[in-house]
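Let me begin by presenting the structure, written as structure tokens, before commenting on it.
The values are calculated or read from the model by the stated rules, or taken from the named source; none is laboratory data. This structure is a prediction, so every number in the text was calculated from the model and none was measured. So basically every Cβ, Gly included, is an ideal-geometry build from the backbone, and we count neighbours across all protein chains shown. Quick note on the areas: whole protein, heavy atoms, side chains included, nothing else; ligands and nucleic acids left out. Shrake-Rupley method; radii C 1.70, N 1.55, O 1.52, S 1.80 Å.
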Amino acid sequence: MNDMSTEPKGSDIATIVADLGQRAKAAARDLSMATTAQRNLALTEAAKALRAKTADILAANGKDLESIRDSGKDAAFIDRLKLTDDRVAAMADALDAIAAQDDPLGRTLATFDRPNGLRIERISVPIGVIAMIYKSRPNVGSDAGALCIKSGNAVILRGGSESLHSSRVIVGCLAQGLAAAGLPEDAVQLVDTRDREAVKALLHSTDTVDLVIPRGGRGLVSLVQREARVPTLLHLDGNNHTYVHESAVIEKAIGIIRNAKMRRTGICGATECVVIDAKIAAQVLPLMAVALNDCELRGDDVARAILPDMVPATDDDWHTEYLSNILSVKIVDDADAAIAFVQAHSSGHTDAIVAEDAQAAKRFMAAINSAVVMHNASTQFSDGGEFGMGAEIGIATGKMHARGPVGAEQLTCFKYFVHGDGQERP
């Protein structure tokens, strides 16, 4: 394992990434032919290893936290990086939950017969080699590795440099599970360097990598969009909105907003902007300010006329994923204005409406072009675990291949099996 004094540079990075890719490609072939029982055993044994090595994981995480002690990182960043006994237990539980799911491979997606007697089947298969590029949250490596094992894909993990010590131990636990199941440990590999050139090398690995999944802020996504030579499954930032319609039950709306914003401010499912119908704004805003007394509210002129102590919102606020205790507030005349505002500013991740008017909710949900649209629920439910996937590799905000929480099923593609009896094409 590398430390800062032995970091590879330049062409060494490209060589290391190319080697990882070749090993992953070989492992993917073996993993694609593994039995359901083998892949599930790898996950349950990895879960046991995570539990057994909790102290080692927390000690490594302590080193990661110490490395950023004087970096000026905000509380939300530190919260994403920090592991606890409960969070390690949750990682292990997620592996067991994924193991318990139905096998996403070998499913017959469609069957049809041709007039010439050919019988054609569409069958789910792995994608191959996936490169997962993510930021500070070390549990992402565990979730991504587990979902790829379940779906028969090899994965190359490039986590945030701040979480490198934690990631090493976590990947070691996944490798232990693979070995126990008789599967290649190279099915889950870590790019063990802090050098950012490794990200570019992965993005250029057209010979070995079949899909890149970036999970991070706009800077990472922009880099991927600019540099990628292989297909990508984008996970954009979560500039999410909760719209309070005039028909909303106000107490329900306040509870939803508090949870959507404050349960965990540093995750991509957190609400960053509340949009309120003008007809009920004077009732909602004072109660919301009390419920969110530990959150800075930034409002437009109409909102500030109701609550003068609010910070004036700027145009930048409407486009910002705060990931902290800040919430913007927009007052709109009606549902049409709310839809227009959300469509103009949402990142396409998750948006919500709080309404008792079923038709208004239906119209909002149809009009908003986001991967996940909620009705009378917190945006923080936008999560693979909450969707019954055990975990997620990210929230896909594009429209190709997969959209919304990406679990094991979304990490498959398909091929066709064609059965004949001597047919020749005329």
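Okay, here's what the table says:
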read-out: Residue, nearest to Ala402 (Cα to Cα), within region 197-215, restricted to residues that are in a loop (DSSP other than H, G, I, E, B) and open to solvent by 20 Å² or more (accessible area, probe 1.4 Å); value: Asp210
read-out: When residues of region 403-426 are limited to those that are part of a loop (DSSP other than H, G, I, E, B) and farther than 24 Å from Ile120 by Cα, the one modelled with the lowest pLDDT; value: Arg403
read-out: Hey, Gly385 open to solvent by 10 Å² or more (accessible area, probe 1.4 Å), touching a residue at least 12 places away in the same chain (Cβ under 8 Å) and among the small types (Gly, Ala, Ser) or not; value: yes
read-out: Candidate set: region 219-229, residues that are touching a Ser or Thr at 6+ places or on another chain (Cβ under 9 Å) and not β-branched (Val, Ile, Thr); chosen: the one most open to solvent (accessible area, probe 1.4 Å); value: Arg229
read-out: Some residue of region 13-32 being touching a Gly at 6+ places or on another chain (Cβ under 9 Å), among the polar types (S, T, N, Q) and modelled with pLDDT under 95; value: yes
read-out: Within region 77-173, strands (runs of 3 or more DSSP E) holding 1 or more residues that are surrounded by fewer than 20 Cβ atoms within 10 Å (Cβ to Cβ), out of contact with any helix residue (DSSP H, G or I) (no Cβ under 7 Å at 6 or more places or on another chain) and modelled with pLDDT of 95 or more; value: 108-113, 119-126
read-out: Some residue of region 407-419 being closer than 20 Å to Thr36 by Cα and among the basic types (Lys, Arg); value: yes
read-out: Tally of residues being within 19 Å of the chain's Cα centre (by Cα) and not basic (Lys, Arg) across region 203-217; value: 8
read-out: Of all residues making up region 336-351, the number that are in a helix (DSSP H, G or I) and crowded, with 23+ Cβ neighbours inside 10 Å; value: 2
read-out: Among the candidates Cys273, Cys268, residue that is closer than 29 Å to Arg218 by Cβ and in a strand (DSSP E or B); value: Cys273
read-out: The listed residue being open to solvent by 10 Å² or more (accessible area, probe 1.4 Å), closer than 29 Å to Ile78 by Cα, under 18 Å from the mean Cα position of the chain (by Cα) and without any contact (Cβ under 8 Å) to a residue 60 or more places away in the chain, out of Thr265, Thr232; value: Thr232
read-out: Residue list for region 107-162, filter: over 14 Å from the mean Cα position of the chain (by Cα) and β-branched (Val, Ile, Thr); value: Thr108, Thr111, Ile120, Ile123, Val125, Ile127, Val129, Ile130, Ile149, Val155, Ile156
read-out: Search result, residues across region 276-296 that are open to solvent by 20 Å² or more (accessible area, probe 1.4 Å) and either within 23 Å of Thr350 (Cβ to Cβ) or assigned to a strand (DSSP E or B) (or both); value: Ala291, Asp294, Glu296
read-out: Restricting region 70-109 to residues that are among the acidic types (Asp, Glu) and without any contact (Cβ under 8 Å) to a residue 40 or more places away in the chain, the residue that is farthest from Pro126 (Cα to Cα); value: Asp70
read-out: Subset of region 202-228 [out of contact with any strand residue (DSSP E or B) (no Cβ under 9 Å at 6 or more places or on another chain) and over 29 Å from Met374 (Cβ atoms)]; value: His204, Thr206, Asp207, Arg226, Glu227
read-out: Count - residues of region 23-76 that are open to solvent by 60 Å² or more (accessible area, probe 1.4 Å), in a helix (DSSP H, G or I), under 30 Å from Gly106 (Cα atoms) and not small (Gly, Ala, Ser); value: 6
read-out: Selection count, region 49-61, where residues are within 19 Å of Leu178 (Cα to Cα) and either β-branched (Val, Ile, Thr) or in contact (Cβ under 8 Å) with a residue 60 or more places away in the chain (or both); value: 5
read-out: Residue list for region 174-203, filter: modelled with pLDDT of 95 or more and of a type in the set (D, E, K, R); value: Glu185, Asp186
read-out: Exclusive hit being aromatic (Phe, Trp, Tyr) and within 16 Å of His241 (Cα to Cα), set Phe417, Phe387, Phe364; value: Phe364
read-out: Candidates Val373, Val354, Val329 - the one that is under 22 Å from the mean Cα position of the chain (by Cα) and open to solvent by less than 40 Å² (accessible area, probe 1.4 Å); value: Val373
read-out: Region 1-22 residues that are open to solvent by 70 Å² or more (accessible area, probe 1.4 Å), paired with ones that are modelled with pLDDT of 90 or more and in a helix (DSSP H, G or I) (beta carbon under 7 Å, 6 or more apart); value: Met1/Arg168
read-out: Residues of region 235-253 that turn out to be within 18 Å of Met132 (Cβ to Cβ) and open to solvent by 60 Å² or more (accessible area, probe 1.4 Å), as a count; value: 0
